C-alpha cells in the first residue's frame, strides 16, 4: 500500500466555494489513503460553529470515497491579533495541541509512515515539522504576504515551513518564481476542473456577447472595467454567481444587464453556465492576483466558452485560447474579435478538449507522482 497522506488544510472540507485542497484530496484518495485535517476552530467560534464543535477530535469517512476521511482537530486559542511574546506563547500552545491531535490520529489508523502535506497552513509549522513523517510537503496556492488573515505572521511562518519542508508544490507560475531560490524542489501543479460539473454546452449563442463570471465577487474585481464593458452594444448580459463581498459587488449585481444567481452549490455552478458564450475573469493586477492560477478558466473552457480575462498573471498555458487585456480599449477589441471569430462549433470543441487535459484527476496524478519522489 502506498504511504497514506495527511493534509493539514487551510480550508474546511465541504465549506462554501471551490477549494483546490479539497479537490486534490478527493482525487488523491483514489490512489492512496488520505486524511483531510480541517482548519481548527478557535474558542471564539464555539457558538457560531456548533456542528463542528460536536465533531472535535473525531474522524469521519467521506461518502463516496473509500479512502478519504475528514479529521476535526482540537479547538485552539485565537492568536492572529496577538504579537510578540503573547503570540509566541499562544502559538506554541496551539501547535502542541495540533501535533498531539495528529499523533492520536496516526495511532488510531495504525499509520507509522505517512506523507504530510501542509496546505497553505503555516500557523502549524511547528506541529508539522515535529511530527514524524516520511516527508513534509508545502502546498502553496496563494501569496501569503498579501493574504489578509495571515498578514501579521504569515511570511515569517511560511519561511520557517519552507526551510523544514522536503518539497514545495505550487499552483501558479508566479508562485514557482517566488520560491525559485528555495533549497528544495519546487513543482508546479496548476489548479484543475471537475469535468462532470463542467460538461460541453450543446450550443452557445453567437449573435451577441453573453458573459458569465463565477466565483467570489470581491476586491480582486476591476469593477470600473466591468461597468464600461456592460455599456458596449455587443454585450447583451452578464451572469454572476458567487458571494457578494464588497459594496461595489452589490451595486454590480443590481445592473440592468446583470443576472445575479446568488451563491450556488458547487455541483450547480456548471449548470448555470448556459445561454452564455464568454467566461469573464476581470481581476485587477496586484501583488495578490499575480500569483493566482484561476480555477475558473478551465471550467469556462470545459463548457466550450470563449474567455475574456485581464492581464493579471502568467496565463501562457492558455495562450492558444486566451488574449489577456490591459485596458478597456483592448477589452473592446477582444470582445469584438470573439464575437466575429470564436463562437463557432469547432472553436467551442477545441476549448473543451483542451480543458479535459486539466482535470482535477490529472492534477492529483501529478501530485501523487511528486509525493512518490
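The values are calculated or read from the model by the stated rules, or taken from the named source; none is laboratory data. Given the structure is predicted, the values throughout are model-derived calculations rather than measurements. Note that we place each Cβ from the backbone using ideal geometry, even for glycine, and neighbour counts take in every protein chain shown.
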Worksheet entry | Residue match in the range 156-163 (condition: at pLDDT 95 or above, closer than 17 Å to residue 370 by Cα and either surrounded by fewer than 23 Cβ atoms within 10 Å (Cβ to Cβ) or in contact with a strand residue (DSSP E or B) (Cβ under 6 Å, 6 or more places away or on another chain) (or both)) | yes
Worksheet, complete the sentence: Filtering the range 215-235 for residues that are over 25 Å from residue 290 (Cα atoms), without any contact (Cβ under 8 Å) to a residue 60 or more places away in the chain and in contact with a helix residue (DSSP H, G or I) (Cβ under 8 Å, 6 or more places away or on another chain) leaves a count of 0
Worksheet item: From the list 86, 44, which one is loosely packed, with under 15 Cβ neighbours inside 10 Å, at pLDDT below 95 and either more than 29 Å from residue 363 (Cβ to Cβ) or over 25 Å from the mean Cα position of the chain (by Cα) (or both)?
Response: 44
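Filter the range 15-24 for residues that are in a loop (DSSP other than H, G, I, E, B) and touching a residue at least 24 places away in the same chain (Cβ under 8 Å); which is nearest to residue 197 (Cα to Cα)?
The initial filter retains those residues of the range 15-24 that are in a loop (DSSP other than H, G, I, E, B), namely 15-19.
Still in the running and touching a residue at least 24 places away in the same chain (Cβ under 8 Å): 16-18.
Values: 16: 16, 17: 14, 18: 12 Å.
If we take residues in the range 15-24 being in a loop (DSSP other than H, G, I, E, B) and touching a residue at least 24 places away in the same chain (Cβ under 8 Å), then 18 is nearest to residue 197 (Cα to Cα).
For the range 117-125, indicate whether the set of residues that are more than 20 Å from residue 371 (Cα to Cα) and either modelled with pLDDT under 95 or in contact with a helix residue (DSSP H, G or I) (Cβ under 9 Å, 6 or more places away or on another chain) (or both) is non-empty. Spell out the reasoning first.
Initial filter on the range 117-125 (more than 20 Å from residue 371 (Cα to Cα)): 123-124.
Those left that are additionally either modelled with pLDDT under 95 or in contact with a helix residue (DSSP H, G or I) (Cβ under 9 Å, 6 or more places away or on another chain) (or both): 123-124.
Yes, the range 117-125 has at least one match.
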Fill in: Which numbered condition residue 255 fails, given (1) touching a residue at least 60 places away in the same chain (Cβ under 8 Å); (2) touching a helix residue (DSSP H, G or I) at 6+ places or on another chain (Cβ under 9 Å); (3) assigned to a loop (DSSP other than H, G, I, E, B); (4) surrounded by 15 or more Cβ atoms within 10 Å (Cβ to Cβ)
(1)
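Kindly indicate whether residue 129 is crowded, with 17+ Cβ neighbours inside 10 Å and either assigned to a helix (DSSP H, G or I) or free of Cβ contacts under 8 Å to residues at least 40 places away in the same chain (or both).
Here the answer is yes, as residue 129 does meet what is asked.
Can you name the strands (runs of 3 or more DSSP E) wholly within the range 167-218 that have at least 3 residues being within 28 Å of residue 276 (Cβ to Cβ)?
Numbers: elements: 167-170, 186-188, 209-214.
Qualifying strands (runs of 3 or more DSSP E): 209-214.
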Fill in: Counted residues, the range 284-322 - those being under 24 Å from residue 270 (Cβ atoms) and in a loop (DSSP other than H, G, I, E, B)
12
Worksheet item: For the subset of the range 258-273 comprising residues that are out of contact with any helix residue (DSSP H, G or I) (no Cβ under 8 Å at 6 or more places or on another chain) and modelled with pLDDT of 95 or more, which member is surrounded by the most Cβ atoms within 10 Å (Cβ to Cβ)?
Response: 259
Item to complete: Could you tell me whether the range 282-296 includes any residue that is out of contact with any helix residue (DSSP H, G or I) (no Cβ under 7 Å at 6 or more places or on another chain), touching a residue at least 24 places away in the same chain (Cβ under 8 Å) and within 18 Å of residue 337 (Cα to Cα)?
Response: no
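Only one of 109, 39 is assigned by TED's automatic domain parsing to the domain that holds residue 149, under 22 Å from the mean Cα position of the chain (by Cα) and surrounded by 15 or more Cβ atoms within 10 Å (Cβ to Cβ); which? Walk me through how you get there before you give the answer.
Details: 109 fails: under 22 Å from the mean Cα position of the chain (by Cα).
Within the list 109, 39, the selection yields 39.
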Item to complete: Mind listing just one residue for me: the one in the range 324-336 that is assigned to a loop (DSSP other than H, G, I, E, B) and either closer than 19 Å to residue 172 by Cβ or in contact (Cβ under 8 Å) with a residue 12 or more places away in the chain (or both) and, of those, farthest from the chain's Cα centre (by Cα)?
Response: 326
